[in-house]
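Enquirer: Take this structure first; my questions come after.
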Amino acid sequence: MNAFVTAGILFLTGLCIGLLSLGIVPGRRLVRKLRAVPHMFAKGMVLWCVACGTAASLYAMRIMSRTGHDPAALLGVILAFFGGELLLMCMKTVLNGNKNRKDDSYD
């Protein structure tokens, strides 16, 4: 992507955030549908971590093919960060307790 496309995307993102802060919601039906999805943040976070891990891996392969240098350290740090995020979400779910579990009733 060139600089103009990136600037356009950032401008449109900023415009949407500005409209939301003023109370003007573009696409109210879409927002209502998204709010109705259970665990939307967790699903979005998993997709974000997988997408960033994939992008980092592709970038590491590009570094390897163009320069011949081994990007293992860079890739390890990036994947460890996003893997840690996923691990924290997993541990939150596992250690949640008996809150939404219907099959664990001992009464």
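The values are calculated or read from the model by the stated rules, or taken from the named source; none is laboratory data. Since the structure is predicted, the reported quantities are computational estimates derived from the model, not experimental observations. So basically every Cβ, Gly included, is an ideal-geometry build from the backbone, and we count neighbours across all protein chains shown. Ligands, DNA and RNA are excluded from the accessible area calculation, which covers all protein heavy atoms including side chains. Shrake-Rupley method; radii C 1.70, N 1.55, O 1.52, S 1.80 Å.
Enquirer: Once neighbouring chains are kept in place and the probe is 1.4 Å, which whole percent of the accessible area of the chain is contributed by carbon and sulfur?
Expert: 70 percent
Enquirer: For the chain, what are the DSSP H helices with axial Cα length of 30 Å or more and mean Kyte-Doolittle hydropathy of at least 0.0?
Expert: Sorted by number, the helices that extend far enough and score high enough are 40-67, 72-94.
Enquirer: Ignoring everything except DSSP H segments at least 4 long, calculate the 222 nm mean residue ellipticity for the chain; use -39,500 (n - 2.57) per segment, divide by total residues, nearest 500.
Expert: Only helices count here, giving -25500 deg cm²/dmol.
Enquirer: Right, another one. Starting from the 7 Å offset along Cα-to-Cβ, what nm value, one decimal, do you get for the label separation of Asp70 and Phe11?
Expert: Placing both labels 7 Å beyond Cα along the Cβ direction yields 4.6 nm.
Enquirer: Over the C-alpha atoms of the chain, what are the Rg and the largest Cα-to-Cα span, Dmax, in Å?
Expert: Cα-based Rg and Dmax for the chain come out at 20.1, 65 Å.
Enquirer: Quote the FRET efficiency, to the nearest 0.05, computed for Leu95 versus Leu34 with a Förster distance R0 of 22 Å and r equal to the Cβ-Cβ distance.
Expert: 0.20
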